[in-house]
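The values are calculated or read from the model by the stated rules, or taken from the named source; none is laboratory data. None of these values were measured; they are calculated from a predicted model. Neighbour counts run over all protein chains shown; Cβ positions are idealised from the backbone, glycine included.
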Amino acid sequence: MPLTSFGLKGYNSYLYSHNQFYMEFLKACNKLTLVIIWLLVFLACKKDPKMMPESSTNVEVTPDPIIPHAPPLADAFGLAVPHLTHARDVDIAARYDAGVRWVRRDLSWTKVEAVQGTFDFASTDIVVDAELAMGMEILAILDYGHPDYASGSGGDSHYPPDDLADYGTYVRETVTHFKDRIDVWEIWNEPNFVNFWKPNPDPGSYGDLVLVAIYEIRQADPSAKIMLGGMLGNIDPGSYGGQPWGFLEAVLSAHPSLLSNIDILSIHPYTWLQYVEPEILSGVVNTFQIGFSEMVLNCRDIADQAGYPNIPIWITELGWHTATQAIITLGVSEEKQAALWVRSCVLAFSLGVEKVFPYSYSDGSGDLTDKESHFGMMRYLANASTTSLPHDPKPAYNAYQTMTGLLSQCGFEKDLRDDLGLLPTEFAYRFSVTNSDDVVIVAWSTGLLPVPITLNSIPKSMISTTGMNLPVSSNVINVGSNPVFIVM
């Protein structure tokens with residue numbers, strides 16, 4: 001679960017001194033800057049029409065030959081759902097209807113061994129079996145510690161055990177129990193974040209725990225895939241010399257051969273305060289802030305340097321909250337959340353990410369000052385555990401459903417920005433439909449004004465972010481901050 005970086009060295013003074021007023025001021029400055037840029041471009045173009053960027057007038061999009069082996073995205077869409085929550089039949093069905101084919105779940109040590117020395121998987125079985133029966137797969141997290149095995153934890157389960165053999169027993173029992181149902185295991189969640197590894201994140205100790213887990217998983221289920229714990233973005237730079245994934249580098253420095261036994265890397269590239277847009281480059285907001293694309297590419301660079309250039313990368317958490325009254329960590333509107341889910345997923349696929357798991361299914365409260373409870377694609381439903389009523393969907397639900405419906409039978413083909421000569425605030429990506437000559441172009445702009453793009457033919461159809469059919473009568477398409485899906 002994403003949390004702000006309160007308590008991390010080098011961050012306290014920043015977060016407390018740059019409050020909500022600062023963020024509003026930053027937004028105003030960004031808008032003013034864009035207005036000035038557009039005004040200068042307009043005046044220059046008025047003086048000399050030849051200076052008008054081609055991307056804003058008459059650019060032709062001529063599809064390249066279809067790449068026949070572009071990996072299909074049929075099972076690339078997941079959802080991070082914490083612990084064993086939101087497991088009613090109506091919730092499971094809603095996730096499947098949204099195109100979710102993977103669910104990330106905590107199979108927490110304290111849940112399956114509530115009584116020391118006794119493992120009980122009954123309640124976990126119910127949730128896992130229901131989601132499997134619906135047609136979804138489970139990414140299971142082996143987290144966290146257990147107060148009965150960690151002296152000095154004060155009842156907090158986020159301390160690692162005193163004896164790693166105890167964690168190994170939990171891993172062995174859990175993987176053995178689920179080996180015919182769960183194929184992918186993630187070792188801990190956000191071990192680089194002080195809230196989830198106490199008293200302080202420790203790369204060497206985490207690596208030691210991973211080695212124990214690897215051994216037990218391989219013994220219990222040799223065919224299982226093993227994933228490093230998803231690491232929280234925009235946390236490491238303050239502690240690891242500005243490196244986006246400095247904790248991961250430190251883990252590999254302490255255990256150089258670790259990746260030889262890891263099948264998948266997992267990252268949580270949340271943007272700064274879960275507010276900044278994914279297209280914003282590193283350092284624009286402050287010296288610590290790392291851009292979304294840079295986080296993904298840096299993870300790939302680390303794997304390359306370690307000798308594993310082809311190891312898959314999954315984004316197992318990502319999101320923007322809609323707690324618009326939260327202090328310091330400003331929320332976005334529900335409409336913007338929907339757009340950012342689509343934009344970040346498309347960017348991820350363009351960068352080679354294999355699967356994405358936005359966070360999360362449902363809001364946990366109606367309190368708009370409660371940031372942590374407002375990452376969901378569904379609105380809060382009071383007394384959800386005692387009713388069969390469905391949650392009310394946010395626009396993010398409809399957006400995810402639209403994206404999965406259009407792209408699940410596609411493979412990513414090409415970043416069109418260079419072909420179109422687009423400005424830095426304009427984005428377009430092409431996906432090829434499997435076993436078809438059709439393509440789907442996902443396009444948007446982060447500028448203040450819609451951008452016209454001229455295609456080489458009239459699209460077959462055009463769909464809005466949330467699934468509405470848009471009128472198409474021309475080969476000139478206007479794109480704004482809400483992505484459009486253009487079927488050619």
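Annotations for the structure displayed:
- Any hit, the stretch 91-109, residues being without any contact (Cβ under 8 Å) to a residue 24 or more places away in the chain and either in the same structural domain as Ile315 (by TED's automatic domain parsing) or under 17 Å from Ile187 (Cα atoms) (or both): no
- Glu317 among the charged types (D, E, K, R) and at pLDDT 95 or above: yes
- Pick from the stretch 247-284, criterion part of a loop (DSSP other than H, G, I, E, B), β-branched (Val, Ile, Thr) and farther than 19 Å from Val346 by Cβ, ranking: modelled with the lowest pLDDT: Val284
- Glu186, sole failed condition from (1) outside any helix (DSSP H, G or I); (2) surrounded by fewer than 23 Cβ atoms within 10 Å (Cβ to Cβ); (3) acidic (Asp, Glu): (2)
- The C-beta contact set for the stretch 129-141 (first residue on the phi > 0 side of the Ramachandran plot, second residue of a type outside the set (Asp, Glu), distance under 7 angstrom, 6+ apart or interchain) comprises Gly135/Tyr96.
- Residues that are among the small types (Gly, Ala, Ser), surrounded by 17 or more Cβ atoms within 10 Å (Cβ to Cβ) and over 18 Å from the mean Cα position of the chain (by Cα) within the stretch 219-250 comprise Ala220, Ala224, Gly238, Ser239, Gly246, Ala250, listed in sequence order.
- Condition met for Pro459 (surrounded by fewer than 17 Cβ atoms within 10 Å (Cβ to Cβ) and outside any helix (DSSP H, G or I)): no
- Take the conditions (1) within 28 Å of Asp163 (Cα to Cα); (2) at pLDDT 95 or above; (3) of a type outside the set (Val, Ile, Thr); His83 misses just one of them, which is (2).
- Residues of the stretch 265-289 that turn out to be within 15 Å of the chain's Cα centre (by Cα) and of a type in the set (Val, Ile, Thr), as a count: 3
- Lone qualifier among Gly233, Gly241, Gly229 - being touching a strand residue (DSSP E or B) at 6+ places or on another chain (Cβ under 7 Å), assigned by TED's automatic domain parsing to the domain that holds Trp341 and modelled with pLDDT under 95: Gly233
- Pairs meeting the criteria (first residue in the stretch 251-278 and buried (at least 18 other Cβ atoms within 10 Å of the Cβ), second residue basic (Lys, Arg), beta carbons under 8 Å, at least 6 apart or on different chains) are Ile264/Lys225; Gln274/Lys371; Glu277/Arg343; Pro278/Arg343.
- For the stretch 333-347, filtering for residues that are small (Gly, Ala, Ser) and free of Cβ contacts under 8 Å to residues at least 60 places away in the same chain leaves 1.
- The single residue among Ala339, Ala326, Ala348, Ala306 that is modelled with pLDDT of 95 or more, crowded, with 17+ Cβ neighbours inside 10 Å and either in contact with a helix residue (DSSP H, G or I) (Cβ under 6 Å, 6 or more places away or on another chain) or on the phi > 0 side of the Ramachandran plot (or both) turns out to be Ala306.
- Filter pass, Gly480 being at pLDDT below 90 and either under 25 Å from the mean Cα position of the chain (by Cα) or among the charged types (D, E, K, R) (or both): no
- Tally of residues being of a type in the set (A, V, I, L, M) and either under 14 Å from Ser350 (Cβ atoms) or free of Cβ contacts under 8 Å to residues at least 24 places away in the same chain (or both) across the stretch 440-466: 5
- Taking helices (runs of 4 or more DSSP H) as the structural unit, those lying wholly within the stretch 65-151 and holding at least 1 residues that are among the polar types (S, T, N, Q) and surrounded by 19 or more Cβ atoms within 10 Å (Cβ to Cβ) correspond to 122-134.
- Residues being of a type in the set (A, V, I, L, M) and buried (at least 18 other Cβ atoms within 10 Å of the Cβ) - total across the stretch 281-303: 6
- Residue-level check: of (1) part of a loop (DSSP other than H, G, I, E, B); (2) touching a helix residue (DSSP H, G or I) at 6+ places or on another chain (Cβ under 9 Å), Ser223 misses just (2).
- Looking only at residues in the stretch 387-422 that are farther than 25 Å from Ser360 by Cα and surrounded by fewer than 18 Cβ atoms within 10 Å (Cβ to Cβ), the one that is nearest to the chain's Cα centre (by Cα) is Asp415.
- Members of the stretch 420-454 found to be at pLDDT 95 or above, more than 19 Å from Pro278 (Cα to Cα) and of a type in the set (Ser, Thr, Tyr), listed by number: Ser432
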